[in-house]
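The values are calculated or read from the model by the stated rules, or taken from the named source; none is laboratory data. On a predicted model such as this, the values are computed, not experimentally measured, just so you know. A quick note on method: Cβ atoms are made from the backbone with ideal geometry, for glycine too, and the neighbour counts reach across all protein chains shown.
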Amino acid sequence: MRSEFNLLFWPAATVAAYVCARLFYRRYAYWWTSTLVVAPALLLTLAILLHTGYREYMSGSHWLMAMLGPVIVAFALPLYQQRALIQRYWPVLAAGVAVGSGIAGASAWLLGSLLDLPPDLRLSLLPRSVATPFAVAVSSHVGGVPDLTAVFVIVTGVFGAAIGQLMCRWLPLRSALARGALFGMGAHGAGTAKARELAAEEGAVAGLVMVMAGLFNVLVTPAVVVGLLA
C-alpha cells in the first residue's frame, strides 16, 4: 500500500510543487524565489511532515529524473535556430568550455581537499558544474554518489544563476555570446533557463555551452580522476 502511495502521490506532488513555484517566481522574480529553490523547499517540507525518506520519494518519482535526458536533447531546437551565431564563434566557445571546465573541476577538488572530505564526497562534488544527466553519469563512473552529485548540481545552478545576474549588471558584458556563455558554463540548466529570459541568442549560446561542457566532462573527467587517485 505504501509503495502504491509513493508511486502516485510523489510524482503528482513534484509536478504541483514545480507549477506553484513557477507561478510564484513569475510574480516575485528574485534569485531566492527561483523554481529550483522554492519547489525543493516545498517538497522537503512535505516529506518531513509525512515522514518520507529519499528512497521512498525516488521509488515513485524516478521516472521524472529519467526525463532529464530528453530535456537536454530538446535544446537542439534553439541551437539550430541560432546556428549562424554558433558556427561563427564555436572555436571561442570550445576554448571557453575547456578552460571553464578545468577551473570548475580544480576548484571543486581543492575545496574537497581543504575540507578534508572523504574520497567519495570529493568525487561526487567534482562534476557539480555540468547538467544533471551528465553529472550523474560522471559521478557513477568515477566512484562518486550520484544522488549527492544531483544535489550539488542543483545548489551550483541556483547560486550560479543568481551570481550570473549580478555579473551581468556589474560587468560590461554587451554581447549575447558573453552573457550566454556565462550562464551556460557557470550554472548549466538553471543558467540556461535564465539566459533564455534575457533573449533567444543568449539562451541558444547557454544551451550549447551547457551541452559542450557536459560532453567534455564525460570524456575527460574519468581520465583526470584516474590520474588524481593514482
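Considering only residues that are within 23 Å of Phe152 (Cα to Cα), assigned to a helix (DSSP H, G or I) and of a type in the set (Phe, Trp, Tyr), look in segment 1-39 and name the one that is modelled with the lowest pLDDT. Step by step, filter segment 1-39, then rank; the result is Trp31. The C-beta contact set for segment 125-138 (first residue over 11 Å from Met210 (Cα atoms), second residue assigned to a loop (DSSP other than H, G, I, E, B), distance under 6 angstrom, 6+ apart or interchain) comprises Ala135/Pro127; Val138/Pro127. Scanning segment 161-185 for residues that are surrounded by fewer than 23 Cβ atoms within 10 Å (Cβ to Cβ), under 15 Å from the mean Cα position of the chain (by Cα) and either small (Gly, Ala, Ser) or over 20 Å from Gly105 (Cα atoms) (or both) yields a single hit, Ala162. Of all the listed residues (Gly160, Gly164, Gly69), the sole one being farther than 13 Å from His188 by Cα and in a helix (DSSP H, G or I) is Gly69.
Modelled with pLDDT under 85, touching a helix residue (DSSP H, G or I) at 6+ places or on another chain (Cβ under 9 Å), farther than 28 Å from Pro119 by Cβ and surrounded by fewer than 24 Cβ atoms within 10 Å (Cβ to Cβ): does that describe Leu229?
On the way: modelled with pLDDT under 85: yes; touching a helix residue (DSSP H, G or I) at 6+ places or on another chain (Cβ under 9 Å): yes; farther than 28 Å from Pro119 by Cβ: no; surrounded by fewer than 24 Cβ atoms within 10 Å (Cβ to Cβ): yes.
When the stated conditions are applied, Leu229 does not pass them.
Taken over segment 7-27, the criterion of being crowded, with 16+ Cβ neighbours inside 10 Å and under 19 Å from the mean Cα position of the chain (by Cα) is satisfied by Thr14, Ala17, Tyr18, Ala21, Tyr25. Given the structure, is Leu198 out of contact with any Asp or Glu (no Cβ under 9 Å at 6 or more places or on another chain) and free of Cβ contacts under 8 Å to residues at least 12 places away in the same chain? Taking the combined requirement at face value, the residue does not satisfy it.
Scan segment 96-135 for residues that are of a type in the set (D, E, K, R), in a helix (DSSP H, G or I) and surrounded by fewer than 18 Cβ atoms within 10 Å (Cβ to Cβ) and jot them down. Write out each step before concluding.
Initial filter on segment 96-135 (of a type in the set (D, E, K, R)): 116, 120, 122, 128.
Okay, now just the ones that are also in a helix (DSSP H, G or I), so 120, 122.
Selection gives Asp120 alone.
When Leu215, Leu219, Leu228, Leu173 are checked against the criterion of being outside any helix (DSSP H, G or I) and not hydroxyl-bearing (Ser, Thr, Tyr), a single residue qualifies: Leu173. Summed over segment 191-220, the residues that are more than 18 Å from Gln87 (Cα to Cα) and crowded, with 24+ Cβ neighbours inside 10 Å give a count of 6. Out of contact with any Cys (no Cβ under 6 Å at 6 or more places or on another chain), at pLDDT 85 or above and surrounded by fewer than 20 Cβ atoms within 10 Å (Cβ to Cβ), is that true of Leu77? Against the criterion (out of contact with any Cys (no Cβ under 6 Å at 6 or more places or on another chain), at pLDDT 85 or above and surrounded by fewer than 20 Cβ atoms within 10 Å (Cβ to Cβ)), Leu77 does not qualify.
The C-beta contact set for segment 1-17 (first residue within 12 Å of Ala47 (Cα to Cα) and among the aromatic types (Phe, Trp, Tyr), second residue modelled with pLDDT under 85 and part of a helix (DSSP H, G or I), distance under 6 angstrom, 6+ apart or interchain) comprises Trp10/Tyr57; Trp10/Gly60; Trp10/Ser61.
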